[in-house]
Amino acid sequence: MIRTGSAVWHGTIKDGNGTITTPSGVLSATPYSFKLRFEDESGRNGTNPEELIGAAHAGCYSMALSGQLTRAGFTPESLATTAAVTLEQKDGGFAITKVHLTLDAKVPGISAEQFQELANAAKVGCPVSKVLNAEITLTATLG
């Protein structure tokens, strides 16, 4: 299985701009720029790679945990995950150094201990976690 995404960039790093597209059409010539990435510009002006990695990691983790729970005999009512991606200047360039996953889960019938065990197993086993060269932490709340 191979999934793709594409990007086009025009101009210099600071003054240029680009677009990101995915075959699904979810991202279709979605703008990105230096300001959106490094200067905390936000709003409806576009996206940035770290935001997309955060969304991908949150989605991947939620599905991985759902799989862990299902195999253990539990059906989650909801798994709401946020991934906070830290981009820092390091060694003369920039690096994604950390991702903190915050999970708010509703899983009927599971003990707190078993929930934490499965939540941590999903953090390690999620394919996006495996590809990131960053410290990955988790705060998992069972409600």
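Rounded to the nearest 20 debye, what is the charge dipole size of the range 56-113 about its Cα centre when +1 sits on each Lys and Arg Cβ and -1 on each Asp and Glu Cβ?
Once rounded to the nearest 20, the dipole reads 100 debye.
Between (1) 136; (2) 147; (3) 103, which matches volume of the Cα convex hull per residue in Å³ calculated for the structure shown?
Entry (1).
How many nm separate the modelled label positions at V8 and T86, each set 7 Å beyond the Cα in the direction of the Cβ?
If labels sit at V8 and T86, their model points lie 3.7 nm apart.
Counting only heavy atoms of protein chains, what accessible area per residue, in Å², does the range 44-143 have with a probe of 1.4 Å?
Per residue, the range 44-143 has 56 Å² of solvent-accessible surface.
Looking at the chain, send over the antiparallel percent of its DSSP beta bridges, to the nearest 5.
70
What does the charge count around Q89 come to, taking other residues whose C-beta lies under 14 Å from its C-beta (Lys +1, Arg +1, Asp -1, Glu -1)?
With Lys, Arg at +1 and Asp, Glu at -1, the net is -1.
Expected output is a single nm value to one decimal: the length gained when fully extending between E51 and T22, i.e. 0.36 nm times separation in residues minus the C-alpha distance. What is it?
Net length gain for the segment: 8.9 nm.
Under 14 Å from the Cα of K35, which aspartates and glutamates turn up, not counting those fewer than eight places away in the same chain?
Correct list for K35: D15, E50, E51.
The values are calculated or read from the model by the stated rules, or taken from the named source; none is laboratory data. Everything numeric in this text was worked out from a predicted model, so none of it was measured. Neighbour counts run over all protein chains shown; Cβ positions are idealised from the backbone, glycine included. Ligands, DNA and RNA are stripped out before the accessible areas are found, and what is left, the full protein with its side chains, is counted by its heavy atoms. Shrake-Rupley method; radii C 1.70, N 1.55, O 1.52, S 1.80 Å.
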